[in-house]
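**Q** Pasting a structure below so you can have a look.
The values are calculated or read from the model by the stated rules, or taken from the named source; none is laboratory data. In this text, all values refer to a predicted model and were calculated from it rather than measured experimentally. With ideal geometry, Cβ positions are generated from the backbone for all residues, glycine too; neighbour counts draw on all protein chains shown. Note: accessible area is taken over every heavy atom of the protein model, side chains too, but ligands, DNA and RNA are not part of it. Shrake-Rupley method; radii C 1.70, N 1.55, O 1.52, S 1.80 Å.
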Amino acid sequence: MRKSLLSKAVTAVCATVMCLGVTACGGNSSAKSDKSNSDSSSSSEKIGMHQIAGVTAKGELGKKPTVSFKTPMTVEDNSYVVLQKGDGAQIEDGDRVCSQGIAISVKDGSELASTWEKNTPDCSTVVTSDTSQMTENYYKIFKSLKLNSTVAFGVNDSNSSGTSYLMVLTLVSKSKDLKKATGEKVAGVPADLPKVTLAKDGKPSIDMNGYKGSDSLISQDLIKGKGAVVKDTQSVVAHYTGWLLDGTQFDSSWDRGQSSAFSLDSVIKGWKQGLAGHTVGSQVLLVVPPSLGYGNKDQEKIPANSTLVFVVDILAAY
């Protein structure tokens, strides 16, 4: 499926920001809250990114902004400007930030794409000093902002489709990912399923309990979280461990020391079907038959035609 232009813009920005998977933008600002580019020029040297000049934004904070600049304009990759300083909560380490977005052509000022009209903010950005996930420059930018701020990033696409643009992001909300499943332990879990024991940090271990598998998908809450219901169109942040029916562990995010984030469109059918409908904060026992896993193909440590058993903590969904 062909990516939307806004998705392409996000991909281009991500190439620089590492984990800045924001498909959203957009902005805000009343007259008293409008800020000139000079407000942030003093920080550009510290941040080490080129400052975009000649771009302004007007409108109520937290609403879609009106962005103005003289066209045609040239922008560089690794460039930015804070167009409006927000009046909301300060962005902090570990925050997952949701943004509305607009991609605006610098050739003629036309709007190429926007998330505002359908209210589909992107929440894939986690603000972290971990440089494997976010570059130092982008970390400094986001840490300097409050909610309802609007910031524009330059994307020079002259070597590909020939469309260069501003990716204008308005930071509309934030949250923090859970560290492990949290909620109520579920009573009445079928006695013939594998038995799960949790370490103090939440890491699961398993006793297969003589379990022989299932021809159909099993998706059983062990802990019922109180967060939002996961949709099969979303991305999920999770801690998980996977085993074969003989108890052999083949994968674990716990052992890597870091949770995993993935689109439910990019994983095996058993995960997509098995996690949708559960709530954030839940711990889910999944039994995935070969037809919803890897079928008759070997997959690294997983033999062909394997039934897979997972314990999945749903830490966030966006």
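**Q** Can you tell me which of 201-212, 170-181 comes out highest on packing, and rank the rest after it, using the mean Cβ neighbours within 10 Å? Please report the intermediate quantities before stating the final value.
**A** On the way: 201-212: 14.1, 170-181: 21.1.
Descending packing order for the listed peptides: 170-181, 201-212.
**Q** Between Ser79 and residues 5 or more places away or on another chain, which pairs have amide H atoms under 5 Å apart, with H built 1.01 Å from N, and which residues are they?
**A** Gly154
**Q** Within the accessible area of the range 129-271, what % is carbon and sulfur when the probe is 1.4 Å and the other protein chains stay in place? Could you put the intermediate results ahead of the total?
**A** Working: 3380 of 7280 Å².
Carbon-and-sulfur percentage of accessible area, whole number: 46.
**Q** Pull out a ≥ b ≥ c, the square roots of the eigenvalues of the alpha-carbon gyration tensor of the range 165-243, then state rounded if a/c is under 1.5, prolate if not and a/b is larger than b/c, and oblate in the remaining case. Show your work: numbers first, answer last.
**A** On the way: a/c = 2.58, a/b = 2.08, b/c = 1.24.
Prolate is the answer for the range 165-243, as a/c is 1.5 or above and a/b outweighs b/c.
**Q** Which entries of Lys176/Lys200; Lys203/Lys226; Lys143/Lys200 have Cα-Cα distances beyond 29 Å here? All intermediate terms of the calculation are to be shown ahead of the outcome.
**A** Working: Lys176/Lys200 21 Å; Lys203/Lys226 20 Å; Lys143/Lys200 32 Å.
Table pairs above 29 Å Cα-Cα are Lys143/Lys200.
**Q** I need the peptides 64-74, 115-125 ranked by packing, meaning the mean over residues of other C-beta atoms within 10 angstrom, with the highest value on top.
**A** Values: 64-74: 16.3, 115-125: 18.3.
With the highest mean Cβ count within 10 Å placed first, the list reads 115-125, 64-74.
**Q** Moving to a separate point now. Output ³J(HN,Hα) for the range 94-111: one whole-Hz value per residue in order, computed from phi by the Karplus curve 6.51 cos²θ - 1.76 cosθ + 1.60 with θ = phi - 60°, and x for Gly and Pro.
**A** Per-residue couplings from phi come out as x, 5, 8, 9, 9, 10, 8, x, 9, 9, 10, 5, 8, 6, 9, x, 6, 7 Hz.
**Q** Could you check how much of the accessible area of the range 72-127 is carbon and sulfur, as a whole percent, using a 1.4 Å probe?
**A** 48
**Q** Under 16 Å between alpha carbons, and skipping anything fewer than 8 positions from Lys107 in its own chain: which aspartates and glutamates qualify?
**A** Partners within reach: Glu76, Asp77, Asp157.
**Q** Express the accessible area of the range 174-318 per residue in Å², computed with a 1.4 Å probe while the remaining protein chains stay in the model. Could the numbers behind the result be given before it?
**A** Numbers: 7350 Å² over 145 residues.
I get 51 Å² per residue for this part.
**Q** Only Cα pairs under 8 Å and at least 6 apart count here; give the relative contact order of the range 148-270 as a rounded whole percent.
**A** Numbers: 149 pairs, mean separation 21.8, N = 123.
Relative CO of the range 148-270 lands at 18 percent.
**Q** With an 8 Å Cα cut-off and a minimum separation of 6 or more residues, compute the relative contact order for the range 139-188 in percent.
**A** Values: 41 pairs, mean separation 16.1, N = 50.
Over the range 139-188, the number comes to 32 percent.
**Q** Using a Cα-Cα cut-off of under 23 Å, which lysines could be cross-linked to Lys269, ignoring same-chain neighbours fewer than 8 residues away?
**A** Lys3, Lys212, Lys224, Lys231, Lys297, Lys301
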